[in-house]
Amino acid sequence: MATAAASLPSIKLLAESADLKSIPSHYDYSKNANEPTASDPDESLPIIDFSLLTSGTLDQRSKVIDDIGRACQDWGFFMVVNHGVPETLMKAVIGACNEFFDLTEEEKREFEGKDVLDPIRCGTSFNAQKEKVFFWRDFLKVLVHPQFHFPSKPLGFSELSLEYCERTRKVARELLRGVSESLGLEDCYLDKALDLDMGLQVFIANLYPPCPQPELAMGMPPHSDHGLLTLLIQNDVGGLQIQHNGKWVNVNALPNSFLVNTGDHLEIFSNGKYKSVMHRAAVNNKVTRISIAMANGPSMDTIVSPAPKLVEDRNRLPAYVPMKYKEYLALQQGNQLDGKSCLDRLLLVIKSTMARSQHPSILLMLSVVTLSLMSSSKIVADARHLLETTLPEVPKPELPELPKPELPELPPLPKVELPPLPDVPSLPKPELPHVPELPHLPEIHDLPKPTFPTIPTSLPKDIHFPSLSPP
Ligand SMILES: O=C(O)CCC(=O)C(=O)O
Ligand SMILES: [Fe+2]
């Protein structure tokens with residue numbers, strides 16, 4: 001595939017080639033995966049009025065926070081209205097993206113990038129080096145925070161996008177404060193735990209030109225996003241579909257709204273309460289669709305694990321192995337885009353335990369393996385202590401080789417009842433060593449008698465005494 005990938009033209013070029021009546025077979029996604037078609041949703045998609053979050057009364061704010069929590073839990077998706085980002089700015093950035101994709105193939109090659117973590121990358125499909133079937137999509141992907149990078153062409157694109165990135169980042173951070181509160185945490189808990197001051201923001205522009213056989217091709221296959229929340233806008237042409245209650249539903253966007261979806265790192269952080277939503281982009285045979293997704297995540301160096309407060313305080317087992325965000329990103333971006341396969345790797349320990357273990361002690365032991373990878377040293381220490389003191393006879397289990405799992409849907413985690421800690425036996429009174437008696441002090445002998453100088457007893461003979469007789 002590497003040869004085909006290396007010579008793969010942009011989808012724009014292919015779509016514009018004269019007389020294209022059918023798609024080349026390596027764009028036929030239907031051969032690869034029989035994806036069910038989408039329909040319009042039975043109920044209306046959740047709508048969040050952003051202005052009530054920032055300037056509503058206390059009651060209005062707490063209602064919006066409840067709505068955000070419910071939307072994250074039931075849908076993994078909501079539309080945000082009254083967000084304060086000017087519509088003119090949104091439209092101008094979409095227009096500038098269109099101009100970028102209009103650059104010549106050679107001009108765009110300057111921004112191609114090599115590595116999946118390069119700050120500026122453009123190309124076609126998702127990861128053409130790894131794919132067997134390609135997607136009907138060209139893209140530009142730029143890391144815009146904590147450092148702002150951007151292509152130097154077309155003129156003015158970078159300045160306009162900087163403004164747009166900053167405005168959407170503010171909206172995303174405000175929404176994440178609401179998300180944090182909706183989880184029963186302080187509004188700044190998530191922000192601090194995931195170091196959002198240094199949070200990664202990625203600007204992703206997608207171009208989906210008209211496709212002669214839209215029912216066979218796929219713009220973007222089913223996937224979840226890696227970050228916390230993604231804010232998406234489009235050029236008034238629909239195509240986004242999300243999975244809801246096992247069915248694919250069309251997202252019919254409200255004018256001037258952000259389409260917001262939950263990402264894998266929100267699922268990890270909330271310990272599975274807010275699942276990242278599966279979504280895909282369908283294509284059409286009439287007009288070009290452009291979308292801009294702003295992915296907002298933790299800082300690249302944060303090791304993300306389920307929020308300790310959600311695990312410790314609520315007596316839950318963490319359901320995901322911790323991983324540095326940067327490594328997760330490299331893993332997801334460096335492979336084929338395949339549903340939630342990347343996130344599933346972090347879930348495997350628990351899943352395989354659930355699937356194979358009949359014995360709660362094995363569940364406990366494997367949980368300790370999970371826990372020992374976690375940052376909360378208190379939980380790890382408690383769990384290890386428990387294992388050592390209550391289960392000394394349990395042999396280390398021989399874990400079978402895990403096949404590329406066809407795993408059943410994860411049933412809800414059972415609450416593991418931890419046995420009470422054993423009584424600590426009282427320590428025997430220590431035998432104190434015998435302290436030897438002090439030796440007698442030596443007797444102080446009489447001081448030697450001082451020798452006094454001998455005082456002469458007779459006067460010297462030659463002393464002359466004056467005569468005492470009267471003269
Ligand atoms: O274009 C769309 O509607 C979806 C894009 C998307 O999912 C993404 O860029 O991650
Ligand atoms: Fe996405």
Quiz item: Is it true that some residue in segment 243-250 is more than 9 Å from ligand 1 (Cβ to nearest atom) and among the β-branched types (V, I, T)?
Solution: yes
Practice problem: From E131, E99, E112, grab the single residue that is in contact with a Gly (Cβ under 8 Å, 6 or more places away or on another chain) and among the acidic types (D, E). | Solution: E112
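Residue by residue, here is whether (1) within 16 Å of ligand 1 (Cβ to nearest atom); (2) free of Cβ contacts under 8 Å to residues at least 24 places away in the same chain; (3) surrounded by fewer than 23 Cβ atoms within 10 Å (Cβ to Cβ) holds:
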residue: S125; (1), (2), (3): yes, no, no
residue: V133; (1), (2), (3): no, no, yes
residue: T168; (1), (2), (3): yes, no, no
residue: E181; (1), (2), (3): no, no, yes
residue: D187; (1), (2), (3): no, yes, yes
Quiz item: Taking segment 48-84, which residues are of a type in the set (V, I, T) and surrounded by 14 or more Cβ atoms within 10 Å (Cβ to Cβ)?
Solution: I48, T54, V64, I65, I68, V80, V81
Quiz item: Does G238 qualify as being within 26 Å of E131 (Cα to Cα), within 12 Å of ligand 1 (Cβ to nearest atom), among the small types (G, A, S) and surrounded by fewer than 21 Cβ atoms within 10 Å (Cβ to Cβ)?
Solution: yes
Quiz item: Got a number for residues in segment 59-103 being acidic (D, E) and under 26 Å from the mean Cα position of the chain (by Cα)?
Solution: 3
Self-check item: Hits in segment 200-217 (condition: surrounded by 22 or more Cβ atoms within 10 Å (Cβ to Cβ) and within 11 Å of ligand 1 (Cβ to nearest atom))
Solution: V202, F203, A205, N206, L207, Y208
Practice problem: Inspect segment 254-261 for any residue being buried (at least 21 other Cβ atoms within 10 Å of the Cβ), more than 15 Å from the chain's Cα centre (by Cα), more than 11 Å from ligand 1 (Cβ to nearest atom) and not hydroxyl-bearing (S, T, Y) and give the result as yes or no. | Solution: yes
Practice problem: Consider N296 carefully, then state whether it is at positive phi and touching a Lys or Arg at 6+ places or on another chain (Cβ under 9 Å). | Solution: no
Quiz item: What residue, among those in segment 31-46 that are surrounded by 14 or more Cβ atoms within 10 Å (Cβ to Cβ) and touching a residue at least 40 places away in the same chain (Cβ under 8 Å), is farthest from E215 (Cα to Cα)?
Solution: L45
Quiz item: Do you know which of the residues in segment 171-206 that are among the small types (G, A, S) and in a loop (DSSP other than H, G, I, E, B) is nearest to ligand 2 (Cβ to nearest atom)?
Solution: G199
Quiz item: Out of all the residues in segment 42-58, which are over 26 Å from the mean Cα position of the chain (by Cα) and part of a helix (DSSP H, G or I)?
Solution: S51, L52, S55, L58
Quiz item: With (1) β-branched (V, I, T); (2) within 16 Å of ligand 1 (Cβ to nearest atom); (3) assigned to a loop (DSSP other than H, G, I, E, B); (4) farther than 15 Å from T230 by Cα as the list, and V321 as the residue in question, which single condition is left unmet?
Solution: (2)
Quiz item: Looking at (1) more than 17 Å from L329 (Cα to Cα); (2) assigned to a loop (DSSP other than H, G, I, E, B); (3) out of contact with any strand residue (DSSP E or B) (no Cβ under 6 Å at 6 or more places or on another chain), which is the one condition that is false for H149?
Solution: (3)
Practice problem: Go through segment 108-146 and give me each residue that's among the small types (G, A, S) and in a strand (DSSP E or B). | Solution: G123
Quiz item: Do any residues in segment 61-78 that are within 10 Å of N261 (Cβ to Cβ) and without any contact (Cβ under 8 Å) to a residue 40 or more places away in the chain have Cβ atoms under 8 Å from those of residues that are among the hydrophobic types (A, V, I, L, M, F, W, C) and loosely packed, with under 15 Cβ neighbours inside 10 Å, where the two are at least six apart or on different chains, and which pairs are they?
Solution: none
Exercise. Among the residues of segment 262-293, write down those that are charged (D, E, K, R), touching a Lys or Arg at 6+ places or on another chain (Cβ under 8 Å) and within 15 Å of ligand 1 (Cβ to nearest atom).
Key: D264
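Bear in mind that the values in this text are calculations on the coordinates, not laboratory data. Just so we're clear, the structure is a prediction, and the values are computed from it rather than from any experiment. We place every Cβ from the backbone using ideal geometry, glycine too, and count neighbours over all the protein chains shown.
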